[in-house]
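Below is one structure, written out as structure tokens; the observations come after it.
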Amino acid sequence: MIKNKKYGLWGTPAQISPLQIKVRGESREDLESASRAFKSLVQKEKIISLYKEKQSYEKPSEKKRRRRKESQERRLAFEAKQRLIASGEWERRMQKKQDDKRKRQQGNNNRFEG
């Protein structure tokens with residue numbers, strides 16, 4: 001375990017690893033897409049949320065309350081998704097999403113062809 005005098009125990013060295021991103025390309029679009037990829041990676045790995053959690057002490061009762069609330073939000077989201085699947089609306093939304101994605105890709109292809 002890594003011991004920090006100010007913040008206490010943080011975990012094993014395997015849990016704390018540096019994040020390294022290499023960007024190749026010269027255009028502004030490459031940099032923007034890399035930036036978006038980095039942001040999504042950081043959000044997916046929950047790096048910022050873990051960092052914020054470690055900034056201050058959270059009482060066990062507050063942690064329990066927060067986890068209960070998060071669990072309830074996940075359950076409600078799951079139930080809402082199940083209702084959409086049962087009504088067929090979920091498939092319509094997924095189809096619309098795929099159509100929109102194809103249109104965007106076609107628009108990007110046309111932009112570079114000219």
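The values are calculated or read from the model by the stated rules, or taken from the named source; none is laboratory data. Predicted, not measured: the structure shown is a model, and the values here were computed from it.
Residue-wise test of (1) under 18 Å from the mean Cα position of the chain (by Cα); (2) modelled with pLDDT of 75 or more; (3) in a helix (DSSP H, G or I).
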{"position": "Trp10", "(1), (2), (3)": "no, no, no"}
{"position": "Gln43", "(1), (2), (3)": "yes, yes, yes"}
{"position": "Glu79", "(1), (2), (3)": "no, yes, yes"}
{"position": "Lys96", "(1), (2), (3)": "no, yes, yes"}
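To keep it simple, each residue is scored yes or no on (1) at pLDDT 85 or above; (2) in a helix (DSSP H, G or I).
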site: Arg24; (1), (2): no, no
site: Ser33; (1), (2): no, yes
site: Phe38; (1), (2): no, yes
site: Ile48; (1), (2): no, yes
site: Tyr51; (1), (2): no, yes
site: Lys54; (1), (2): no, yes
site: Tyr57; (1), (2): yes, no
site: Lys63; (1), (2): yes, yes
